[in-house]
Amino acid sequence: MQIPGEHVTGVLSKHHRSYKLALFPAIGALVTGLAVILMIVLILLIRKKSRELEKIEGTNPLDAWSSCLKKGQEGSSTIFDRFTYRQMKKATRNFGTVLGGGEKGTIFKGKLSDGSVVAIRRIESSPKQGQLEFCKEMELLGRLHHRHLVGLKGFCLTRFERFQVYEYMENGSLKDHLHSSGKRLLPWKNRIQIAIDVANALEYLHFYCDPPLCHGDIKPSNVLLDRNYLAKLAVSGLVQCSNGDSTTISSTLVNVKIPATPGYVDPCYVVNQVVTPKSDVYSYGVLLLELVTGKPVAQGDDDGNGDSSSRSSSKNLVEWSRELIGTDYRLHELVDPAVADAFDLDELQVMADVIHWCTHRDGAARPSMKQVLRILYERLDPLSGGLARAVAGEEGYYYGGGQSGRKGKEGAEMLAGGGGDGGRCLPSSSSTSRSYCSRSVLLECNSPEEAPPQSSPRGLP
């Protein structure tokens, strides 16, 4: 006889086993279905992201680049890499570390796959106009190779953005050291060497590039310093100019929009809107003035380091300096108080003379960068005996001590006979400055002691 309770228990156990057998396959099917759905969603997201990147980079971004290169001169060499947008994003960690920015774009710190640290400029522009300008600039910058120009390592060309990859300069810009707190104080000797470094870069652009180039935006923020405080000039938006006639430029421009930074702009450019090598010379003179005084060119740039009298005088730093350069007994007032106890008076006199000459209101009366470089080398390295004599015949006169000017041989003799120990060599990197001497000196003089032939109509071979 079967007990009713046992019968019920058996029936329930049978139904429970049947339920389990039906539940496990259902759960498996559900998990499999969810996995398939997730896989499909993942694939769709990847494809969507790929389409977005393709839209950013363009269908074939090298087409425009290749066409631009074909228009360049035969035999020109461009030594840099092309990067993808993915590489730029990875190098900058999704554009996280900003070094600076301005009208020319935002600059990020990045690290490439080979471990090298770089500075990446991100430029946003309209697809057509931006691409054309970018290609022209890349074609030009790829041919510039000089010790004192910031090196271009590569580029990235997308449909809506452009990237320029430059070597990273560990010590930032000259502006940071002159006008920002927290930066290492630049000793007098470093300032002299920076002046020579920038002069080397400008001489290369004006005389040894084909076609000759004008920088158009010389200022402390465009002078960068590497780990050894070697100065390099940042180049972007260069202008092709005629070296044979310093008052005109060719009709072909790399970038027709010239940055007009108040205080550094050539007064002649304000009148005729023409950028010439002498425009760079004027801006270089203002840069030297900042190196000597440590003051910004305009009151609005003052960061609070100067006193009220200095700030009021700096509304027009060039005009203010003329009063001091014209009187020898006040010349020391030009010097940055931070280095007032460690400067050389003879070197200051030379710097003041060069500033006065470079910032002459008449562009034709200014020196060439070749002349400026020779003057600086002659006064800082007395072994370069023939350099000052070469200055005499090149372009007329030399300004000295704020006076009206000195012609030919007299001006050269004034340089060569500076007296005192002002002409002594600079220590450290400056002691080997002749090794870095620009090609003008190496090509035009067989040795530092040899003067150019006197038969040359301009005092040059």
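The values are calculated or read from the model by the stated rules, or taken from the named source; none is laboratory data. What you see is a predicted model; the values in this text were computed from it and never measured. As a convention, Cβ positions derive from the backbone with ideal geometry for all residues, glycine included, and neighbour counts pool all protein chains shown.
Some observations on this one:
- Restricting Ala298, Ala231 to those that are within 19 Å of the chain's Cα centre (by Cα) and either at pLDDT 85 or above or of a type in the set (A, V, I, L, M, F, W, C) (or both) reduces the list to Ala231.
- Residue in segment 46-61 that is exposed (fewer than 11 other Cβ atoms within 10 Å of the Cβ), assigned to a helix (DSSP H, G or I), at pLDDT 75 or above and more than 19 Å from the chain's Cα centre (by Cα) present: yes
- Among (1) surrounded by fewer than 16 Cβ atoms within 10 Å (Cβ to Cβ); (2) more than 28 Å from Lys111 (Cβ to Cβ) - the single one His179 does not satisfy: (1)
- Among the residues here, Val265 does not qualify as outside the structural domain of Phe134 (by TED's automatic domain parsing), modelled with pLDDT of 90 or more and either loosely packed, with under 14 Cβ neighbours inside 10 Å or within 29 Å of Arg379 (Cβ to Cβ) (or both).
- Pairs where the first residue, in segment 260-272, is in contact (Cβ under 8 Å) with a residue 40 or more places away in the chain and the second is assigned to a loop (DSSP other than H, G, I, E, B), C-beta under 7 Å, 6+ apart: Thr261/Asp217; Thr261/Lys219; Gly263/Val297; Gly263/Ala298; Tyr264/Ile218; Tyr264/Lys219; Tyr264/Val297; Pro267/Arg361
- Criterion: part of a helix (DSSP H, G or I) and either under 13 Å from the mean Cα position of the chain (by Cα) or among the basic types (Lys, Arg) (or both) - qualifying residue of Arg191, Arg159: Arg191
Each row is one residue, and each column tells you yes or no for (1) assigned to a helix (DSSP H, G or I); (2) in contact (Cβ under 8 Å) with a residue 60 or more places away in the chain; (3) among the aromatic types (Phe, Trp, Tyr); (4) crowded, with 19+ Cβ neighbours inside 10 Å.
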{"residue": "Arg121", "(1), (2), (3), (4)": "no, yes, no, yes"}
{"residue": "Phe134", "(1), (2), (3), (4)": "yes, no, yes, yes"}
{"residue": "His145", "(1), (2), (3), (4)": "no, yes, no, no"}
{"residue": "Gly154", "(1), (2), (3), (4)": "no, yes, no, yes"}
{"residue": "Gln164", "(1), (2), (3), (4)": "no, yes, no, yes"}
